[in-house]
1. Give segment B:41-64 a look and list any residue that's farther than 19 Å from B:L83 by Cα and open to solvent by 80 Å² or more (accessible area, probe 1.4 Å), or say none.
2. Out of segment A:24-53, which residues are within 10 Å of the ligand (Cβ to nearest atom) and aliphatic (A, V, I, L, M)?
3. Filter segment A:412-437 for residues that are part of a helix (DSSP H, G or I) and among the polar types (S, T, N, Q); which is least open to solvent (accessible area, probe 1.4 Å)?
4. Note down all Cβ pairs under 7 Å where the first residue falls in segment A:242-260 and is in the same structural domain as A:M450 (by TED's automatic domain parsing), the second is within 12 Å of the ligand (Cβ to nearest atom) and of a type in the set (F, W, Y), and they're at least six residues apart or on different chains.
5. Taking A:D338 as the residue in question, decide whether it is more than 17 Å from the chain's Cα centre (by Cα) and either in a strand (DSSP E or B) or within 16 Å of the ligand (Cβ to nearest atom) (or both).
6. Looking at this structure, is A:T301 open to solvent by less than 50 Å² (accessible area, probe 1.4 Å) and farther than 16 Å from A:Q372 by Cα?
7. Quick one: count up the residues across segment A:363-411 that are of a type outside the set (S, T, N, Q), within 10 Å of the ligand (Cβ to nearest atom), in contact with an Asp or Glu (Cβ under 9 Å, 6 or more places away or on another chain) and not in a helix (DSSP H, G or I).
8. Assess whether A:G279 counts as being surrounded by 15 or more Cβ atoms within 10 Å (Cβ to Cβ) and on the phi > 0 side of the Ramachandran plot.
Amino acid sequence: MKYDAIIIGAGMSGMAAAIRLAMFDKKVLLLEKHVITGGLNSYYKRAKRDFDVGLHALTNYMEKGERRKPLATLLKQLRIPYDSLELSPQRHSKIIFPEKTLTFTNDLNELVEDIAIHFPNQIDGLTKLIAHINEFNETALDNEHVLAKDVVRRYISNEELLEMIFCPLLIYGSAWENDMDFSQFVIMFKSIYMEGFSRPKGGVRTIINLLLNKLETLGCEVRFRSEVIKIETKNEKIKGVHLKNGDFIEADLVISSMGLPETLSVVETEKELPTARTGKMTFTESILILDKFPKDFGVDTTIAFFNDRPKYLYRQPSDFYDPASAVICLPNNFVHNDFEDGWVRITNMANFNKWNEFTKDEYRAHKELVFQNACKLTKKILPSWNEEVVYKDIFSPTTIKKYTSHFGGTVYGSTDKSRDGSTAIKGLVICGTDQGFLGIVGSMLSGISMANLYGLMD
Amino acid sequence: MDNVQVRKHVLDIIADVALDDDVTTIDDAVALRDQLDLDSMDFLDIVMELKKRHKIIVPQEDYPQLASMQSCVDYLGPKFTALA
Ligand SMILES: Cc1cc2nc3c(=O)[nH]c(=O)nc-3n(C[C@H](O)[C@H](O)[C@H](O)COP(=O)(O)OP(=O)(O)OC[C@H]3O[C@@H](n4cnc5c(N)ncnc54)[C@H](O)[C@@H]3O)c2cc1C
């Protein structure tokens, strides 16, 4: 049997792509290696509690009825009503550097006012930068590649402020170390500082269930435990995919969300293909469950971007992880608290190779070190915390690799992106992280636009 | 098919595409884009839904004909009739 399209990977981007194609009666097969959907943003159960792998916050917040917003586009394209997400906006987030702390909310003006207090002589530049961002078309697929810091330095002359502005944007979405492409910067600036953070009620399961229901209603075929081990081509044109169980499935279009280097590694061609680098940015995540809510300790911050150095070092640390900077998410502190316990989620940059080389005992011991540091950070953010931890879970870059198959456990993918999704093989398209759109909202938009471009417009 | 029926078919599609908008108050003479949250991606969906539900093909050069409800009915009316 031949399909109109095969989608590899039932993460956010793959599910979104499959929905679009199935919506217009394409014969689609969605293949997932793992036993459940979600990919980098999946979920699991421990100690009778529901855990999300990734979700700190959904970016691109909007109020109901707001127009021309990326989240609105996403929901319309997938025909998901806004109300079904039951979004709860953040209270406020902080960027904490050794000398200064900036506070931002889902209203950009509050950040601008705070910058005016701490960096009064930077306000003119900031205003001009915001004007430039507003008129920039960040989603054009043919934007030239320029480094964001070079552009932003033309407006912001204070390096400390520049580092503070970049900190949340880098750690929430850059595959590049210490900088990013200016288009990506604009996407992140709008999605975080202009639109902002929220949390869907029920966490990532809510999003995944909405997507799964769509797939089911549309009659889209989803196969789990179905690892693609070879992509067959002929004369640089797609033929189909081979599964680990020996099946060969034919299709004229294969959209892969595995990642660019991961996809290229299974393509079989007569000609040698250009390679793509493995991304270096990966993380440890420590989840602490407390017996009280953060607000019981007098703190109502939603997310804290913490950095203990004058400069913000966003790069693969040389050691197994970087204790000196972190993202600390307090998911109880969205406007509506969703949980019965107090939760703290702490993300640190990490080095995949170090984790990969640990013996079993070393691995356990190093996870414990990450946890100890997470406790220290928790104490910093919640000074009157009683130090009770009801339950903890720590995962590492190797955990990420194990469950998502991304080389190097990379979360933001390769630094070689395929902005228009195309590859050297006709009919083989990249979607998700390595098409260049990151995060939950970004990856779904990527799946949608690649499905539209290659599967629906003829 | 009369214009009332054509309008109803178009409205059904718009209601599904712009699913969070109130389509009961559409002013037929005013551009849809100015009343609803519809961008070019959504207009493509309207075109694809016309094809899927009614086998009506709208070539790209005719997309401007779908600007308002009135122009939709004027343009699509003969196409619906031709199918009946
Ligand atoms: C700890 C952490 C925290 C995060 N926090 C946030 C956050 O707060 N907000 C936010 O917006 N984003 C966050 N993200 C990022 C977000 O999760 C990702 O950007 C997004 O989920 C990427 O989706 P994707 O579809 O591109 O890729 P993936 O989710 O990686 O999907 C790829 C899928 O392909 C499958 N696959 C791989 N190889 C094969 C194969 N050979 N055959 C079949 N299937 C295969 C994988 O199993 C996977 O399901 C976080 C990520 C992590 C890890």
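The values are calculated or read from the model by the stated rules, or taken from the named source; none is laboratory data. Nothing here was measured: the structure is a model prediction, and the numbers come from that model. Heads up, the Cβs are rebuilt from the backbone with ideal geometry, glycines too, and the neighbour counts pull from every protein chain shown. Remember, those area values only see protein heavy atoms, side chains included, never the ligands or the DNA or RNA. Shrake-Rupley method; radii C 1.70, N 1.55, O 1.52, S 1.80 Å.
1. Step one: of segment B:41-64, the residues farther than 19 Å from B:L83 by Cα are B:41-45, B:60-61, B:63-64.
Once the filter is applied, which keeps residues that are farther than 19 Å from B:L83 by Cα and open to solvent by 80 Å² or more (accessible area, probe 1.4 Å), segment B:41-64 yields B:Q60, B:E61, B:P64.
2. In the first step, residues of segment A:24-53 are kept if they are within 10 Å of the ligand (Cβ to nearest atom); the result is A:30-42, A:52-53.
Selection gives A:L30, A:L31, A:V35, A:I36, A:L40, A:V53.
3. Here is the first cut: in segment A:412-437, the ones part of a helix (DSSP H, G or I) are A:433-435.
Restricting the remaining residues to those that are among the polar types (S, T, N, Q) gives A:433, A:435.
Working: A:T433: 27, A:Q435: 1 Å².
My answer is A:Q435.
4. A:G259/A:F407
5. On the way: more than 17 Å from the chain's Cα centre (by Cα): yes; either in a strand (DSSP E or B) or within 16 Å of the ligand (Cβ to nearest atom) (or both): yes.
In short, yes.
6. Details: open to solvent by less than 50 Å² (accessible area, probe 1.4 Å): yes; farther than 16 Å from A:Q372 by Cα: yes.
Yes.
7. Number satisfying all stated conditions: 2.
8. Values: surrounded by 15 or more Cβ atoms within 10 Å (Cβ to Cβ): yes; on the phi > 0 side of the Ramachandran plot: no.
Spelling it out, it is not the case that A:G279 is surrounded by 15 or more Cβ atoms within 10 Å (Cβ to Cβ) and on the phi > 0 side of the Ramachandran plot.
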